[in-house]
Amino acid sequence: MLFSTVLDFVCGRIIGAPGASNRQRRAALITAICGDLGLLAYFKYYTFAAGNINQLLSLFGSHSLPLLNVLLPIGISFYTFESMSYTIDVYRGAAKPARRFSDIACFVSLFPHLVAGPIVRYNILAEQIQRRTHTLDKFTAGVAMFILGFAKKILLANPMGQVADAVFGAATPLPLDAWVGVIAYAFQIYFDFSGYSDMAIGLGRMFGFVIPENFRSPYLSESITDFWRRWHISLSTWLRDYLYLPLGGNRLGPRRTYLNLALVMLLGGLWHGAAWQFLAWGAYHGSLLAFERWIGKKSPYEWLPRPGRIAVTFVLVLFSWVLFRSPNLSYAVRYWAAMLGFNASFGVPALVAAEIYTALPMTVLCVCILVSFQRLEVRDWIAALTWRRALVLAPLFLASIGTMFTQAFNPFLYFQF
């Protein structure tokens, strides 16, 4: 992180120097991008690439590349994208070069959103680093957001994670169990990640920083295009502004637009993890986005009533979450087969049912459904924070803390990215 910060600070100063030529500015930009992506490629993708190259070389009886035990630095995907966006924005003229190293260092290492986002642009925080207001209202709103995000993680995400782990750990789940398992995982990853984002935004507000939202009721989406306007907003806008638009966006004709969408989502899948199932996950979403663009409608199933459009989109997202949760592609295919009733079961599902179909998991599942399929987000809830609402937060926070001490260690899912 320190190397990326120093690299982008120096390159940003070169790019923003009054007497710098276009050649020098381009050279500094390329150096920064190659340095940032080089670090990310080594720490995150070396083992994956070397393993696949070795399998290919073994077909020809060739020697293998050394497989190094490379440990993934926590949060590297997030702070690499943030640091890199600073240099690109300075080159584009969208941001001014940092006057002091401490400014860019504060931006990259700002702890609330450091390890799992949201991915914040420098031009959003630059002025706030220099001067920001500290008010009781802002601090109170930050505390409220933190408590609600913390409750999402402890009271909703973790119990759903136990259900998902039980089903995905079974060799041959029944169709109903498979659907319940992937629905539980959909709620786990949503409340886990949005809970972290709420906590990060809340912590930022306590210190006077206003960090943009990262989720906007994604399971109310009426199409996959709509889903990506609501889910992990900071990543989808980053991919749009720094990858999709530079590739030509939709300005170079329909075929190039479809290709750009597919390529961007493929790389977005690879950003999430160095494994074939993540590439397949990106290809899945890229194909659906290209198809919706080809249809040329707000929703490809707009003839359905709104609840029907939401339901179809949710099912499409569920099939993609199977790829996201599975350890490999073959497992994902077997799980899809179980969802569609193509797998035979021999006794094990009874143990899974006894674990998941109990009062607490099913109650939490119902609460997740009620919370997910309504428009009120945390930011809306605290926008009109009253004493009555504030009084709800104290017992909620105490309940979350008490529950946390009864649970096994359960880190945030996006820490692995």
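The values are calculated or read from the model by the stated rules, or taken from the named source; none is laboratory data. Note that the structure is a prediction, hence the values are computed from the model and not measured. Cβ placement follows ideal geometry from the backbone for every residue including glycine, while neighbour counts extend to all protein chains displayed.
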The lone exception for Tyr196 - which of (1) in contact with an Asp or Glu (Cβ under 8 Å, 6 or more places away or on another chain); (2) under 27 Å from Ala105 (Cα atoms); (3) at pLDDT 90 or above; (4) in a helix (DSSP H, G or I) it fails: (1)
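Closer than 16 Å to Ser85 by Cβ and out of contact with any Ser or Thr (no Cβ under 9 Å at 6 or more places or on another chain) - does that describe any residue in segment 16-24? Write out each step before concluding.
Here is the first cut: in segment 16-24, the residues closer than 16 Å to Ser85 by Cβ are 16.
Those left that are additionally out of contact with any Ser or Thr (no Cβ under 9 Å at 6 or more places or on another chain): 16.
Yes, that holds for at least one residue.
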List the number of the failed condition for Asn260; all other conditions in (1) more than 26 Å from Arg325 (Cβ to Cβ); (2) assigned to a helix (DSSP H, G or I); (3) in contact (Cβ under 8 Å) with a residue 40 or more places away in the chain; (4) not charged (D, E, K, R) hold. (3)
How about segment 40-55: which of its residues are of a type outside the set (D, E, K, R) and closer than 23 Å to Leu7 by Cβ? Leu40, Ala41, Tyr42, Phe43, Tyr45, Tyr46, Ala49
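Only one of Val371, Val315 is assigned by TED's automatic domain parsing to the domain that holds Pro159, part of a helix (DSSP H, G or I), in contact (Cβ under 8 Å) with a residue 12 or more places away in the chain and among the aliphatic types (A, V, I, L, M). Can you tell me which? Before the answer, list the steps.
Working: Val315 fails: in contact (Cβ under 8 Å) with a residue 12 or more places away in the chain.
Exactly one residue qualifies, and that residue is Val371.
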Evaluate the following for Tyr42: is it outside the structural domain of Gly195 (by TED's automatic domain parsing), assigned to a helix (DSSP H, G or I) and under 26 Å from Gln130 (Cα atoms)? no
Given (1) closer than 30 Å to Ala50 by Cβ; (2) modelled with pLDDT under 95; (3) crowded, with 16+ Cβ neighbours inside 10 Å, where does Pro246 come up short, assuming only one miss? (3)
Hey, among Leu148, Leu155, Leu176, which residue is out of contact with any strand residue (DSSP E or B) (no Cβ under 6 Å at 6 or more places or on another chain) and either crowded, with 22+ Cβ neighbours inside 10 Å or not assigned by TED's automatic domain parsing to the domain that holds Ala332 (or both)? Leu148
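Just checking, how many residues over segment 105-132 are under 25 Å from Gln416 (Cα atoms) and among the aliphatic types (A, V, I, L, M)? Full working, then the answer.
Taking segment 105-132 as the starting set, the residues that turn out to be under 25 Å from Gln416 (Cα atoms) are 105-122.
Going one step further and asking which of them are among the aliphatic types (A, V, I, L, M), we end up with 105, 108, 110, 114-116, 119-120.
Number satisfying all stated conditions: 8.
Just one of Thr31, Thr47 is modelled with pLDDT under 90, of a type in the set (S, T, N, Q) and part of a helix (DSSP H, G or I); which is it?
Selected residue: Thr47, the only one of Thr31, Thr47 that is modelled with pLDDT under 90, of a type in the set (S, T, N, Q) and part of a helix (DSSP H, G or I).
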In segment 270-284, is there at least one residue being modelled with pLDDT of 90 or more and either over 30 Å from Asn343 (Cα atoms) or outside any helix (DSSP H, G or I) (or both)? yes
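Can you name the residue in segment 31-70 that is more than 30 Å from Tyr242 (Cα to Cα) and surrounded by 11 or more Cβ atoms within 10 Å (Cβ to Cβ) and is also farthest from the chain's Cα centre (by Cα) among such residues? Steps first, answer last, please.
From segment 31-70, those more than 30 Å from Tyr242 (Cα to Cα) are 54-69; that's our starting set.
When the remaining residues are screened for being surrounded by 11 or more Cβ atoms within 10 Å (Cβ to Cβ), the result is 54, 57-58, 62, 64-65, 67.
Values: Asn54: 30, Leu57: 34, Ser58: 35, Ser62: 39, Ser64: 34, Leu65: 32, Leu67: 28 Å.
Applying the filter and picking the extreme gives Ser62.
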